[in-house]
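Structure first, commentary second.
Taken together, the values in this text are just the output of simple stated rules run on the coordinates, not laboratory data. Quantities reported herein were computed from a predicted structural model and do not represent experimental measurements. FYI the Cβ positions are ideal-geometry reconstructions off the backbone, even for glycines, and counts take in every protein chain you see.
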Amino acid sequence: MLAENVFDTLTERGFIAQCTDEAEVKKLLGENKVTFYIGFDPTADSLHAGHFIALMAMAHMQRAGHRPICLVGGGTGTIGDPSGRSDLRKVMTDEVIEHNCECFKKQMARFIDFSDGKALMVNNGDWLRKLGYIDILREVGAHFTVNRMLAAECYKQRWEKGLTFLEFNYMVMQAYDFYKLNGDYDCVLQMGGDDQWSNIIAGVELTRRKTGRAAYGLTNKLLLKSDGSKMGKTAGGALWLDAEKVSPYDFYQYWRNVDDADVKTCLSLLTFVPMDEVNRLSNLKDAAINEAKKVLAYEVTKLVHGEEAARAAEKSASEIFAGQSSENMPSVEVSDAVGKKLLDVLAAAKIIESKSEGRRLIAQSGLTLNDEKISDVDYILSEKDFPAVIRKGKKKFYRIHND
């Protein structure tokens with residue numbers, strides 16, 4: 001019997017969405033150290049906020065004594081998961097897939113301890129790429145019915161625009177992963193986001209049929225706002241976990257500015273703050289809720305970027321809130337800015353969403369360059385302006401360097 005049952009922890013913190021057999025899975029996790037896996041397809045060169053819950057669930061499982069397998073999809077990534085998609089994913093080259101897998105590994109190490117065999121990282125390309133088409137048809141295909149596959153939510157969503165035969169094979173390949181990991185590593189549990197339920201069920205059933213052994217599936221909730229929309233979207237796109245794509249300061253600010261109604265969900269799912277404290281913080285009202293948001297922003301930034309970066313972002317946010325510029329403010333590199341219009345450079349650097357926004361800011365005296373208010377919408381940048389400190393509105397500061 002383990003000291004704590006991580007199923008209770010995941011339930012209390014609001015992770016669990018669906019489970020193949022709740023009583024059996026709870027018993028399994030309370031009595032034995034189990035090996036489980038979560039798959040991550042390398043669709044980009046960085047993980048993003050949508051992966052955050054899966055990483056945290058994996059970390060909670062490991063802290064309770066269980067062994068994670070981080071499965072990177074060097075094989076499944078050649079097809080692309082149709083789940084939640086309205087169109088075909090861009091087909092990536094083998095070189096891009098390999099590069100993205102390596103980037104994932106570095107980021108996962110912030111959440112998972114891979115020392116002394118406490119966790120494994122494997123690539124499904126190691127076995128999927130070796131399988132022949134006839135091997136797949138005979139060994140795996142015979143265990144799938146087309147009717148059952150077509151009933152899966154991930155496929156039903158694609159009827160109007162068309163589902164390619166390429167993508168139709170994705171479920172089969174993911175199911176094979178579970179069967180392979182079960183045989184090679186005694187992996188008995190597959191976890192993932194709730195949009196993966198159909199694929200996870202397919203893997204559970206294939207493993208049980210081919211081995212006669214127990215296999216289970218568990219999904220976590222997706223990262224959604226209280227209004228049901230996806231969390232982790234910014235004006236510039238996804239909220240990436242790579243500091244080169246989203247600076248630690250911008251990452252901190254995203255969580256600092258979440259809606260009041262989302263504070264408890266984020267603290268519960270994305271931090272290790274004890275639930276007693278989560279409940280206290282999330283019950284704060286009006287201006288006092290900002291205390292909770294500061295804790296949230298600091299904790300998630302510390303997890304993703306490290307304590308030093310979190311402290312710097314916190315300090316910068318405090319200075320900027322007080323109306324001061326800061327050494328830790330977001331910094332942008334631009335090329336050949338001298339001689340260009342300021343609004344063109346700000347739009348290209350995504351400091352303003354459009355030049356029309358920039359013109360409105362200037363009309364309202366809301367744009368300054370090196371502490372000087374800009375009144376000319378056609379202001380041309382010169383050498384003396386750099387490095388440039390831009391203030392947008394009252395409290396948003398940016399530093400621009402000219403290459």
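Here are the numbers for this structure:
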{"quantity": "Which of Val304, Val389, Val345 has the fewest Cβ neighbours within 10 Å, and the rest in rising order", "calculated": "Val389, Val345, Val304"}
{"quantity": "Efficiency of FRET from Cβ geometry, Ile134 and Asp94, R₀ 25 Å, rounded to 0.05", "calculated": "0.65"}
{"quantity": "When the convex hull of its Cα atoms is projected in every direction, mean area for the stretch 170-267 (nm²)", "calculated": "8.4 nm²"}
{"quantity": "Calculated FRET value between Thr11 and Lys233, using beta carbons and R₀ = 22 Å, to 0.05", "calculated": "0.20"}
{"quantity": "Label-point gap, in nm, between Lys33 and Asp371 - each point 7 angstrom along Cα→Cβ", "calculated": "6.1 nm"}
{"quantity": "Estimated 222 nm signal from helices in the chain, with DSSP H stretches of n ≥ 4 weighted -39500 (n - 2.57), rounded to 500", "calculated": "-12500 deg cm²/dmol"}
{"quantity": "Check: the stretch 233-321 dipole with +1 on Lys, Arg Cβ and -1 on Asp, Glu Cβ, in debye", "calculated": "80 debye"}
{"quantity": "Neighbour-count ranking [beta-carbon atoms within 10 angstrom, fewest first] of Glu12, Glu205", "calculated": "Glu12, Glu205"}
{"quantity": "Pairs beyond 32 Å (Cα-Cα), from Lys33/Lys230; Lys293/Lys350; Lys225/Lys373", "calculated": "Lys33/Lys230; Lys225/Lys373"}
{"quantity": "All-pairs Cα distance distribution in the stretch 287-403, expressed in whole percent, bin size 10 Å", "calculated": "13, 40, 29, 16, 2"}
{"quantity": "Cα-centre dipole for the chain with unit charges at Cβ (Lys and Arg positive, Asp and Glu negative), debye to 20", "calculated": "580 debye"}
{"quantity": "Gyration tensor verdict on the stretch 206-343 (Cα atoms; rounded if a/c is under 1.5, prolate if a/b is larger than b/c, oblate otherwise)", "calculated": "oblate"}
{"quantity": "Virtual spin-label span in nm between Asp260 and His401, 7 Å along Cα→Cβ", "calculated": "4.1 nm"}
{"quantity": "Fully extended contour minus Cα-Cα distance, from Leu222 to Lys105, at 0.36 nm per residue", "calculated": "39.9 nm"}
{"quantity": "DSSP bridge orientation in the chain - percent antiparallel, rounded to nearest 5", "calculated": "45 percent"}
{"quantity": "Fluctuation leader among Phe52, Phe178, Phe386 - the chain, Gaussian network, Cα springs under 10 angstrom", "calculated": "Phe386"}
{"quantity": "Estimated inter-spin distance, Tyr379 and Asn283, nm [label 7 Å along Cα→Cβ]", "calculated": "4.9 nm"}
{"quantity": "Which of Leu224, Leu55, Leu346, Leu381 has the fewest Cβ neighbours within 10 Å, and the rest in rising order", "calculated": "Leu224, Leu381, Leu55, Leu346"}
{"quantity": "Candidates Tyr176, Tyr254, Tyr379: whichever shows maximal mean-square fluctuation once the chain is modelled as a Gaussian network with Cα springs under 10 Å", "calculated": "Tyr379"}
{"quantity": "Translational diffusion of the chain, µm² s⁻¹ [Kirkwood Rh, Cα pairs; Stokes-Einstein; 10 °C; 1.306 mPa s]", "calculated": "68 µm²/s"}
{"quantity": "Theoretical FRET efficiency, 1/(1+(r/R0)^6), r = Cβ-Cβ of Phe386 and Ala243, R0 22 Å, to 0.05", "calculated": "0.40"}
